[in-house]
1. With 5 Å bins from zero, work out the P(r) of the stretch 189-232 over every alpha carbon pair and list the percent per bin.
2. Which percent of the accessible area of the chain is formed by carbon and sulfur heavy atoms (probe 1.4 angstrom)?
3. Give me the one-decimal Kirkwood hydrodynamic radius in Å for the stretch 61-181, with the sum taken over alpha-carbon pairs.
4. Antiparallel DSSP bridges in the stretch 82-202: what percent, to the nearest 5?
5. In the chain, which Cys residues have no partner Cys with a Cβ closer than 4.7 Å?
6. Per residue, how large is the accessible surface of the stretch 166-232? Use a 1.4 angstrom probe and give square angstrom.
7. May I ask for the Kirkwood hydrodynamic radius of the stretch 150-232, worked out over all distinct Cα pairs and given in angstroms to one decimal?
8. Counting only heavy atoms of protein chains, what accessible area per residue, in Å², does the stretch 8-126 have with a probe of 1.4 Å?
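The values are calculated or read from the model by the stated rules, or taken from the named source; none is laboratory data. Note that the coordinates shown come from a computational prediction; the quantities given were computed from them, not determined experimentally. So basically every Cβ, Gly included, is an ideal-geometry build from the backbone, and we count neighbours across all protein chains shown. For the accessible areas, the whole protein counts, side chains as well, though only heavy atoms, and no ligand, DNA or RNA atoms are used. Shrake-Rupley method; radii C 1.70, N 1.55, O 1.52, S 1.80 Å.
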Amino acid sequence: ANASATVTVNETSSPNAGTNASVTVCGDGAITNLFTQLGGAPQAGGTWSGPSVIVGGNYDPATMNPGVYSYLVAGVGACSNATATVTVVENQEPNAGANGTLSACSNGDPVSLFAQLTGNPQVGGNWSGPSPTTGSYDPSAMDPGVYTYMVNGISPCGNASATVTVSETDAPNAGSSSALTLCQTSDPADLFVVLGGNPQAGGNWSGPSATSGMFDPTNMQSGTYTYLVSSS
């Protein structure tokens, strides 16, 4: 008679970890779910490994290191494990520093706006404001106001900006030196009107004789009288 025997074949579905992928994040960006970055149709329930300990498949730029993160789905029976990777590239967020202020005199020397920023701003940004500038404020040629420093971010990082608020005070003006010749019997003379230029009022006089601005040749000593306008 015939003889027979059987072979029972059990087939287990092979694990699917998806396909390799990459993602670029910003150093100050939001948490990213790496599982959703995998290509294909990965099955859930696998385990992650990489440069930093990863929980729940999430990458946090604030606490983790970029690099290659591997997702492993364990095989069952005759099926080997399946793996796929997500390569994380982390771009550093731009740093424009923090806001600052500058008080300038209208006849002062040019001042670096960059040096007025607080924090640790990085170089290479661009300035904008009431007057065109490459980073210096010249009171003699520029208008005061808010000047903005912007550092462009590398995608997906946004731009960073900080401001320097410039206030400008008019320089005191005592006019220019002059000379006055009087006779000893002349009437008192107003020294202020003798000054050249356009002196501003409100200053103080000093000289060989005490005076508030008038010179009386009958009782005052001749010599050099100085008009001083204090800066505000």
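1. All Cα pairs considered, the percentages come to 5, 22, 34, 22, 12, 4, 1, 0.
2. 48
3. In the stretch 61-181 this quantity evaluates to 18.7 Å.
4. Given both bridge residues lie in the stretch 82-202, the antiparallel proportion sits at roughly 70 percent.
5. Result for the chain is C79, C105, C183, no neighbouring Cys Cβ within the cutoff.
6. 66
7. Values: mean 1/r = 0.0610 Å⁻¹.
One over the average 1/r among Cα pairs gives 16.4 Å for the stretch 150-232.
8. On a per-residue basis, 56 Å².
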